[in-house]
Amino acid sequence: MADEIKPQRYKDPRPAELFQPIHEWSRTHAPGWIYEAVRMILTPIAILLYRTRAISVANVPADGAFILAPNHFSNMDHFFCGVYIRRKIRFMAKSQLFFQNPVLDYIFRVGGVFPIRRGHRDDEAFITAHSILDRGGCVLVYAEGGRSRTGGLGEAKPGVGRLALESGVPVIPVAIHGSSGVRSWKRLSFPKVTVQYGEPVSFEAVEAPTREQQLDAATVIFDRVRAMYGALEQQGRSGVIKSLRAGAGHAADAVAGQPTRTQP
């Protein structure tokens, strides 16, 4: 099929030193004019073509450091995630996006994107993420580590758990429903996208969490995402909104069966 997703390259063979200038810039600079320019261009597309709507935006902190942890189907997901919030999101993205085109490299960097070398233990990416959080910023880390290729939710990966445990900042689980059909634009089909922000999840800070602790924390977070996504799948956008308004509201979080503050 013309709109099939290409196989992922899970390991970037290029040296870590190649990406160091991007990390150094990202640690000392906030997103620049590119961020607002891209927002202005893509917001009408998201809202008018994809009929993107957000649920429970009030769960996103107005200030202070936090992590956004959405599921991931489409390259548009980070735009969908940011359309209805005013915070400037910093994106941890696969390193394969960089050094393919100098214009895109500039757009990514000044637009708030920094690389992580998948297939490697990339401590530099986490140093960059911590530097952003230390300045009170927001970092988006996909809970599944990459795009799902199946059309359904994948499994939690430890990365988001590691950052949550090391930093101790709140994590906002995010369910993005409908974006699996975004590539259908080639057939002039534009799916309806819903973004639901869950209640914050916090963990006691752990200086050097084990991989098992990281995965446990990531699973707690992704269970929240999975529950919200399942409710959107079963009830639809209007059904979830009605449930929230009726006071059954945090049903999606209740299904996950986890307290707001969790000890790994």
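The values are calculated or read from the model by the stated rules, or taken from the named source; none is laboratory data. Note that the structure is predicted; figures quoted are calculated from it, not measured. Note that each Cβ is placed from the backbone with ideal geometry, even for glycine, and that neighbours are counted across all protein chains shown. Calculation scope for accessible area: heavy atoms of the full protein, side chains included, ligands and nucleic acids excluded. Shrake-Rupley method; radii C 1.70, N 1.55, O 1.52, S 1.80 Å.
Return the only residue of ILE67, ILE85, ILE41 being in contact (Cβ under 8 Å) with a residue 12 or more places away in the chain and over 18 Å from VAL160 (Cα atoms).
Numbers: ILE67 fails: over 18 Å from VAL160 (Cα atoms); ILE41 fails: in contact (Cβ under 8 Å) with a residue 12 or more places away in the chain.
Going through ILE67, ILE85, ILE41 in turn, just one is in contact (Cβ under 8 Å) with a residue 12 or more places away in the chain and over 18 Å from VAL160 (Cα atoms): ILE85.
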(message) Can you tell me which of (1) modelled with pLDDT of 95 or more; (2) of a type outside the set (Asp, Glu); (3) open to solvent by 50 Å² or more (accessible area, probe 1.4 Å) is the one GLY161 doesn't meet?
(response) (3)
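I'd like to verify a number: residues in the range 87-113 that are touching an Asp or Glu at 6+ places or on another chain (Cβ under 9 Å), not charged (D, E, K, R) and not in a loop (DSSP other than H, G, I, E, B), how many?
So the first thing to find is which residues in the range 87-113 are touching an Asp or Glu at 6+ places or on another chain (Cβ under 9 Å), and the list is 87-88, 94-99.
Still in the running and not charged (D, E, K, R): 95-99.
Now restrict to residues that are not in a loop (DSSP other than H, G, I, E, B): 95-97.
Within the range 87-113, residues that are touching an Asp or Glu at 6+ places or on another chain (Cβ under 9 Å), not charged (D, E, K, R) and not in a loop (DSSP other than H, G, I, E, B) number 3.
Pick from the range 202-221 the residues that are hydroxyl-bearing (Ser, Thr, Tyr) and closer than 19 Å to GLY145 by Cβ: which of them is surrounded by the fewest Cβ atoms within 10 Å (Cβ to Cβ)?
Narrowing the range 202-221 to residues hydroxyl-bearing (Ser, Thr, Tyr): 202, 210, 219.
Imposing the further condition that a residue be closer than 19 Å to GLY145 by Cβ reduces the set to 210, 219.
Values: THR210: 13, THR219: 17.
The extreme case among them is THR210.
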(message) Go through (1) open to solvent by 30 Å² or more (accessible area, probe 1.4 Å); (2) assigned to a loop (DSSP other than H, G, I, E, B); (3) acidic (Asp, Glu) for ASP12 and report which single condition fails.
(response) (1)
(message) Can you find a residue that is assigned to a helix (DSSP H, G or I) and among the β-branched types (Val, Ile, Thr) anywhere in the range 60-70?
(response) no
(request) Report the residue count in the range 113-140 for those that are modelled with pLDDT of 95 or more and open to solvent by less than 30 Å² (accessible area, probe 1.4 Å). (result) 15
(message) Testing ALA208 on (1) in contact (Cβ under 8 Å) with a residue 60 or more places away in the chain; (2) among the aliphatic types (A, V, I, L, M); (3) under 26 Å from LEU133 (Cβ atoms), one condition comes back false. Which one is that?
(response) (1)
(request) Please specify each residue of the range 37-85 satisfying the condition of being aromatic (Phe, Trp, Tyr) and open to solvent by 30 Å² or more (accessible area, probe 1.4 Å). (result) PHE79, TYR84
(message) The conditions are (1) touching a residue at least 24 places away in the same chain (Cβ under 8 Å); (2) within 20 Å of PHE98 (Cβ to Cβ); (3) open to solvent by less than 20 Å² (accessible area, probe 1.4 Å), and ARG147 fails exactly one of them. Which is it?
(response) (3)
(request) Select from the range 94-112 the residues that are open to solvent by 20 Å² or more (accessible area, probe 1.4 Å) and either at positive phi or of a type outside the set (S, T, N, Q) (or both) and list them in ascending order. (result) LYS94, LEU97, PHE99, PRO102, VAL103, LEU104, ASP105, TYR106, ILE107, PHE108, ARG109
